[in-house]
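The values are calculated or read from the model by the stated rules, or taken from the named source; none is laboratory data. On a predicted model such as this, the values are computed, not experimentally measured, just so you know. Cβ placement follows ideal geometry from the backbone for every residue including glycine, while neighbour counts extend to all protein chains displayed.
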Amino acid sequence: MESLLFQASAVFRPTDEALSLRKKTQIQIYRLLSVLGAVLNLLFIPLYAAGQVEAVDPLWARISVSGLLLALLAISYGPRWIRRNYAVGVQVGLYGVFGWFIWIAALNRFAADYALGLLLLYAVATVVLRMGCRTIQPVLWFLGVGFLGTVGAVLVSPTSLNSALVLLGSMAALAILETITIQAFLATREKLREREERLRAITENVSDGIYRSVPGKGLVYVNQAFAEMFGYDDPDEMQRMDPATLYSNPEERPERNALLQRSEFVDGHEVELRRRDGSTFTGLLNGRVVRESDGSVQYYDGAIADITEQKRAERALRREQTALRQMYRVTADQEVSFESKTHQLLDLGREYLGVSEGFLSRISEGTQEIVYALGTHPDLRPGATCPLSESYCQKTIEQDDLLTVHDAEAEAYIGSKVVVDGELYGTFCFADAEARKDVFMEQERTFVELMTQWASYELEQQRSARRLKRKNERLDSFAAVLSHDLRNPLNVATMRLDLVRAEDSPEHLDVLETALDRMDHIIQDVLALARGGQDIPDEERSMPALPSVARTSWGQVDTAAATLRLEDDVSVRADEERLQRLLENLFRNAVEHGGNDVTVWVGAHADGFYVEDDGPGVPPEKREKVFEEGYSGSSTGTGLGLGIVRTIAEGHGWTPCVTGGRAGGARFELTGVEVGRETV
């Protein structure tokens, strides 16, 4: 009966989402019964008037009862608190309606038609009351009150004894029958409720959405996970919903059902579903069909898992694998230059990350310079510079790990610092003028870090290649010196030794000694040149006083009548032994080119120290060559002295250069030197 009433009264179903399914059904049925009762009550007047001309049936009373029923209907559309208590109001109203009909029947001495109407109302009212009750107590109360009310009316009404006994006996039998039937119904419903609660307890503890749908009725059960999956708070909100409305493409459902009916079950089917707010997600459907004995479909059972994140992860993994393969092909190509590889990787990174800009920067002395770049941003062009404080690169180099920004003043940025031989080189970055919807995923962060590590490795390899080239050039220079410069004194020594043996003349021994000293000097220079190019760690440096080291170095050189003048009492951070070797070579160079009476000055400047003489100086066109190994301005020099100066300076991180002195001589300056102004 409830099912039929529900189908006929869909228009009366409340739409308040705060009401439970049970409350909605109660209100829906009671609204329909209120309308039917009001209409049938008014139609009862002409029907009875036609059969019983002398019937006592006041029109005002019937209109009042119909008005009461319509008033109950009207207030059901009132505030929420009224709707929640509407069923109670209807149940109270049943007592009033039944009491009114007892009065009408008593006025007509419980005539046959009125007695029959009273019994019919007694039965219907009991069924209606049962619809809104979970226990039998309210029903028993109504049956008892109705029966006692009728007994009282019979006693005060001039009704024949036989009619009264028939009426009361019928009511007693009807009450007993209703009690037994309703008790059995409530017991059965309670068992079903307990069974559903157990089933609900099982299904509510799973993360998949569980559902059951019946042809023609829609969804009859969904668990909490199913409701939340589709954007509903309460599973009751989805009762009797057409499952086709949950599909992104509703036309898919008939196809699924056809497949299900052919195979009896589906396993692992992917479907696009639609949430309450209109958004879509990918579900993995498993279902089966349950049939009646005649083969018709009784219902469909199924489970749905939300695999949207899984599908997104699979797509991201495929994109990552594709990008990594492309990165490998680019970096493994030995025929392509570093610049070309960098451009290809920047282009690949822009596509993979979905941003417009990619660039490699060089950072030096608080300034960012763009080395390579792809994109349309006017400030990100090769050669463009800006203060480091105005760029994200400053934040990138200030932290240990990768810097990512997905929404900063409507911008997106991801970058990592490039480190070469333990020192900061710059940054490898990607950016966009528009913010990203999502943060950079771990795969994307790893992708940028791999590119950064590749750039660091390639730049280190380039630096190592340059060092190796310089070492090879130095070895070539050593070979030339050893093969050329050692051959002359060696030939002299050999010839003089033969003369000593032949003539037994001691004066040849002096020439022989000079030749051997010359060879020893050449060997010492070569060794100093080889060791001087090595980087000097901080722990091997100290702060020796420059005047003290200069005096020691001056004493190790044959300075003849030359003069040393120390102008500043400072200290410098250096390896003292190598600093002494550097000064010895500068002093020796001054004496060799300035003469035995040359004057040499040693002092400090704003960024280091200098050694200056009053000799002939170095012509401007030759100043770039004087530090090359093997270059010499005299016939007696090895060409290694100033080369030794350069390699020792570079080992300290200094920069050597030569300019004109105050007296027209040569002035050798060492810059990038840490100088202590206090007296040591």
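Within region 11-36, the set of residues being modelled with pLDDT under 70, small (Gly, Ala, Ser) and over 14 Å from ARG240 (Cβ atoms) comprises just one member, ALA18.
This table checks each residue for (1) out of contact with any strand residue (DSSP E or B) (no Cβ under 9 Å at 6 or more places or on another chain); (2) modelled with pLDDT under 90; (3) among the hydrophobic types (A, V, I, L, M, F, W, C).
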| site | (1), (2), (3) |
| --- | --- |
| ASP267 | no, yes, no |
| ALA305 | no, no, yes |
| TYR328 | yes, no, no |
| LEU360 | no, no, yes |
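Quick one: is ARG83 surrounded by 19 or more Cβ atoms within 10 Å (Cβ to Cβ), farther than 20 Å from VAL127 by Cα, at pLDDT below 75 and not hydrophobic (A, V, I, L, M, F, W, C)? When the stated conditions are applied, ARG83 passes them.
Matching residues to (1) more than 17 Å from ALA175 (Cβ to Cβ); (2) crowded, with 19+ Cβ neighbours inside 10 Å; (3) in the same structural domain as LEU33 (by TED's automatic domain parsing); (4) at pLDDT below 80:
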{"position": "TRP103", "(1), (2), (3), (4)": "yes, no, yes, no"}
{"position": "ALA115", "(1), (2), (3), (4)": "no, yes, yes, no"}
{"position": "THR126", "(1), (2), (3), (4)": "no, yes, yes, no"}
{"position": "VAL139", "(1), (2), (3), (4)": "no, yes, yes, no"}
{"position": "LEU143", "(1), (2), (3), (4)": "no, yes, yes, no"}
{"position": "GLY149", "(1), (2), (3), (4)": "no, no, yes, no"}
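For first residues located in region 376-397 and assigned by TED's automatic domain parsing to the domain that holds GLU411, partners that are among the hydrophobic types (A, V, I, L, M, F, W, C) and part of a loop (DSSP other than H, G, I, E, B) and lie 6+ apart or on another chain with Cβ distances below 9 Å form the pairs HIS377/ALA433; PRO378/ALA384; TYR392/ALA408; THR396/LEU402.
Residues that are at pLDDT 85 or above, exposed (fewer than 15 other Cβ atoms within 10 Å of the Cβ), in the same structural domain as VAL591 (by TED's automatic domain parsing) and within 21 Å of ASP575 (Cβ to Cβ): does region 645-653 have at least one? The answer is yes, given that some residue of region 645-653 is at pLDDT 85 or above, exposed (fewer than 15 other Cβ atoms within 10 Å of the Cβ), in the same structural domain as VAL591 (by TED's automatic domain parsing) and within 21 Å of ASP575 (Cβ to Cβ).
Yes or no, residue by residue, for (1) within 26 Å of GLU178 (Cβ to Cβ); (2) small (Gly, Ala, Ser); (3) at pLDDT below 75:
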residue: VAL65; (1), (2), (3): yes, no, yes
residue: LEU72; (1), (2), (3): yes, no, yes
residue: VAL92; (1), (2), (3): yes, no, no
residue: ASN108; (1), (2), (3): yes, no, no
residue: ALA112; (1), (2), (3): yes, yes, yes
residue: LEU120; (1), (2), (3): yes, no, no
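Scan region 576-594 and give yes if some residue there is part of a loop (DSSP other than H, G, I, E, B) and surrounded by fewer than 17 Cβ atoms within 10 Å (Cβ to Cβ), otherwise no. So far as region 576-594 goes, no, none of its residues is part of a loop (DSSP other than H, G, I, E, B) and surrounded by fewer than 17 Cβ atoms within 10 Å (Cβ to Cβ).
Once region 350-389 is narrowed to residues that are of a type in the set (D, E, K, R) and over 21 Å from THR446 (Cβ atoms), the residue that is surrounded by the most Cβ atoms within 10 Å (Cβ to Cβ) is ARG362.
A single member of ARG573, ARG581, ARG565 is modelled with pLDDT of 90 or more, more than 24 Å from ARG662 (Cβ to Cβ) and of a type outside the set (Ser, Thr, Tyr), and it is ARG573. In summary, strands (runs of 3 or more DSSP E) completely within region 350-444 and bearing 1 or more residues that are among the basic types (Lys, Arg) and touching a Ser or Thr at 6+ places or on another chain (Cβ under 6 Å) occur at 412-420. Counting only strands (runs of 3 or more DSSP E) that sit completely within region 248-311, those holding 1 or more residues that are of a type in the set (Lys, Arg), assigned by TED's automatic domain parsing to the domain that holds PHE226 and surrounded by fewer than 18 Cβ atoms within 10 Å (Cβ to Cβ) correspond to 265-274, 280-291. Is one or more of the residues making up region 545-557 more than 54 Å from the chain's Cα centre (by Cα), crowded, with 22+ Cβ neighbours inside 10 Å and either outside the structural domain of GLY672 (by TED's automatic domain parsing) or at pLDDT below 90 (or both)? Yes. Scanning region 151-191 for residues that are surrounded by 11 or more Cβ atoms within 10 Å (Cβ to Cβ), part of a helix (DSSP H, G or I) and among the β-branched types (Val, Ile, Thr) gives VAL151, VAL154, VAL166, ILE176, THR179, THR181, ILE182.
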